[in-house]
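Novice: Pasting a structure here, questions to come.
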Amino acid sequence: MTAINFDPLSTEFSKNPYPAYARLRKADGFSWFAPHSMYLVSRFDDVTALVKDRAMTRTLDAFRTSAEIAKQKRADNWHDMPYHSRFVQFSMLDSDGDVHDRLRQQVFQFFGPAPVARLRDSLAPHINSLIDAAVSTGEFDFVEGLAAHVPGYTIGLLMGVPIEDCARIRRWSEQIVQYFDVDRSDAKKQLAEQATKDFYEYLQGLAAERKESPKDDLISKLIEVERAGEISHDEFYSTCMLIVMAGHGSTLDVMSTGLHSLLRFPDQMQLLRETPALMKTAIQEMFRFESPLPFFHRYATTDVVINGVAFAAGTRFGLLYGAANRDASAFAEPDKFDVARWPNRHLAFGGGAHFCLGNHLARLGMDLLFSGLFNKTKSIELLGDAPIYKSGLGVRGLKSLGLSVEAI
Ligand code: HEM
């Protein structure tokens, strides 16, 4: 088993993680990453097998005493965070088996292709007016000036969060999500805890309003479910927070890298402009090419043998979705950005029991944004210096993306 020299916090990695991912895949697929006591799994087949294996779980809590759980939390710097431990450390994403399935079942019906498609007509005018406002300036930052508002609109509409609150929610989401990465400094910890508290208090206010006057939204549905005793008070809030957080930064990030990929490969931008029917495959390719959530983990709950190598129960695996999605054994010419690529069964949304609930919603927001932008512009060009990528193992996205556009 290879111990690999791998620094996901380096500038070099954030600029371009793909050479490091290629080294990992070549090494032997499972590389011991000592600083975080886990095996990094980088090959498509291995990652696919692990996410589908029910013996691989998000936590080992069911197999540990409370003293062991407390010790682990201390080691991960996840301790002394009263709000975070109630509403973030516990969620559908961080539960397994029956608890996970029960929580997922309560909200599943809101996220299928049909209910999401029904949001299109309500969303389109909002997203089009965002695009009009940005395009009319001629030059703008695609990240802050346009794309950042789209996930708030889509998730807000589904959940029942008012548009004017989306900016606050995005800030809280970012402060919470950054603490899932490998950098667990005390400063980031404090931000994550405070953001969780603020978010909880905000959601309490919103839930009180919906209890008075329910609407046709996810929050109102969850209030009913809580009343019926299907979920607890804490589960209500952790589910709301998870849905809002999971979809915000990830969608924004893939919008930014997706457009950057089109700018880096102008023939693909041209092809997509000329053939709007390719939008569906182009979006699928954006997820594969620059997967916005490239890393998640699993624990082995039993002793396992993978590819002839034995791993003990309790082993932690770091699943590198971003590396698996560039594996030549699964994708022809994996480093080529190809808007017509099909089939394209990538792992950007994970797989198995935790397969992303929000994938149709993310696709809808991207479709409206990119189709609208193309319909309203003759040309889109990069403005300013090369854009800077966010750093970390768990995110892939741009800090900003200056554009110069010519309106139609
Ligand atoms: C670019 C967009 C998105 C990407 C790349 C993405 C990716 C993922 C991935 C990889 C997972 C599985 C994590 C694991 O393997 O442990 C996941 C789970 C999840 N995602 Fe997404 N996601 C996106 C957008 C959304 C949106 C818009 C929502 C909701 C509004 C959402 C809600 C969720 C939820 C609730 C889970 C947990 C599911 C479970 O544990 O059963 N995601 N997402």
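The values are calculated or read from the model by the stated rules, or taken from the named source; none is laboratory data. Note that the structure is a prediction, hence the values are computed from the model and not measured. FYI the Cβ positions are ideal-geometry reconstructions off the backbone, even for glycines, and counts take in every protein chain you see. Just so you know, the surface numbers come from the protein's heavy atoms only, side chains and all, with ligands and any DNA or RNA stripped out. Shrake-Rupley method; radii C 1.70, N 1.55, O 1.52, S 1.80 Å.
Novice: Modelling each spin label as a point 7 Å along the Cα-to-Cβ direction, I'd like the residue 379/residue 69 distance in nm, to one decimal.
Specialist: With each label point 7 Å from Cα toward Cβ, the separation is 6.0 nm.
Novice: Still on this model: Can you list the DSSP H helices in the chain whose Cα atoms extend at least 24 Å along the helix axis and whose mean Kyte-Doolittle hydropathy is -1.0 or higher?
Specialist: Helices passing the filter in the chain: 233-264, 359-376.
Novice: Using the Cβ atoms and a cut-off under 14 Å, what net charge is assigned to the surroundings of residue 51, where Lys and Arg are +1 and Asp and Glu are -1?
Specialist: +2
Novice: Going Cα to Cα from residue 215, which lysines come in below 28 Å? Please leave out same-chain ones fewer than 8 positions away.
Specialist: Partners within reach: 197.
Novice: Taking 35 Å as R0, compute the FRET efficiency from the Cβ-Cβ separation of residue 230 and residue 79 and round it to 0.05.
Specialist: 0.70
Novice: Determine the distance separating the Cα centre of region 331-373 from the Cα centre of region 261-302; give it in Å without decimals.
Specialist: When both Cα centres are located, 5 Å separates them.
Novice: Write down the accessible area per residue of region 221-307 in Å², having rolled a 1.4 Å probe over the full set of protein chains.
Specialist: Per residue, region 221-307 has 35 Å² of solvent-accessible surface.
Novice: Run the accessible area of region 193-285 with a 1.4 Å probe and give the carbon-and-sulfur part as a rounded percent.
Specialist: After summing per-atom areas, the C and S share lands at 50 percent.
Novice: Please list 3J(HN,Hα) in residue order for region 333-345, calculated via the Karplus relation 6.51 cos²θ - 1.76 cosθ + 1.60 where θ = phi - 60°; whole Hz, with x for glycine and proline.
Specialist: The phi angles translate into 6, x, 8, 9, 8, 10, 5, 9, 4, 6, x, 8, 8 Hz.
Novice: Work out how much length residue 345 to residue 216 would gain on full extension: take 0.36 nm times their residue separation and subtract the Cα-Cα distance, in nm to one decimal.
Specialist: That pair, residue 345 and residue 216, stretches by 43.1 nm at full extension.
Novice: Work out the charge dipole of the chain with +1 on the Cβ of Lys and Arg and -1 on the Cβ of Asp and Glu about the Cα centre, then indicate which of 348, 256, 387 is farthest towards its positive end.
Specialist: Working it through, the farthest residue towards the positive pole turns out to be 348.
Novice: Separate question: Restrict the search to region 24-84; then list the trypsin sites (Lys or Arg not before Pro) that DSSP places in a loop and that have at most 14 other Cβ atoms within 10 Å of their Cβ.
Specialist: 54, 64
Novice: Another question, then. Once you charge only the Cβ atoms, +1 for Lys and Arg and -1 for Asp and Glu, what is the size of the charge dipole of the chain about its Cα centre, to the nearest 20 debye?
Specialist: It works out to roughly 580 debye.
Novice: Now for a separate question. Normalised by the number of residues in region 119-213, what is the relative contact order in percent for Cα pairs under 8 Å and 6+ residues apart?
Specialist: The normalised contact order for region 119-213 reaches 20 percent.
Novice: What ranking, highest mean first, results for peptides 157-165, 108-116, 358-366 when packing means the other Cβ atoms within 10 Å averaged over each residue?
Specialist: So the peptides 157-165, 108-116, 358-366, ranked by packing, come out 358-366, 157-165, 108-116.
Novice: Something else: Pairs 52/73; 280/390; 73/189; 15/336; 15/399; 26/336: which exceed 23 Å Cα-Cα?
Specialist: Violating the 23 Å Cα-Cα cut-off are 52/73; 280/390.
Novice: Relative contact order (percent) for the chain, with alpha-carbon contacts under 8 angstrom and 6 or more residues of separation?
Specialist: Rounded, it is 26 percent for the chain.
Novice: Could you work out [θ]222 nm for the chain from helices alone, using -39500 (n - 2.57) per DSSP H run of at least four and dividing by all its residues? Round to the nearest 500 deg cm²/dmol.
Specialist: -16000 deg cm²/dmol
Novice: Rounded, prolate or oblate: which fits the chain when a ≥ b ≥ c are the square roots of the eigenvalues of the alpha-carbon gyration tensor, with rounded for a/c under 1.5 and prolate only if a/b beats b/c?
Specialist: Oblate.
Novice: Gain in length, residue 101 to residue 309, computed as 0.36 nm per residue apart minus the alpha-carbon separation, to one decimal in nm?
Specialist: 71.8 nm
Novice: Then there's this: Using a basic spin-label model with each label point 7 Å from the Cα along Cα→Cβ, how many nm lie between residue 404 and residue 316?
Specialist: Distance between label points: 4.7 nm.
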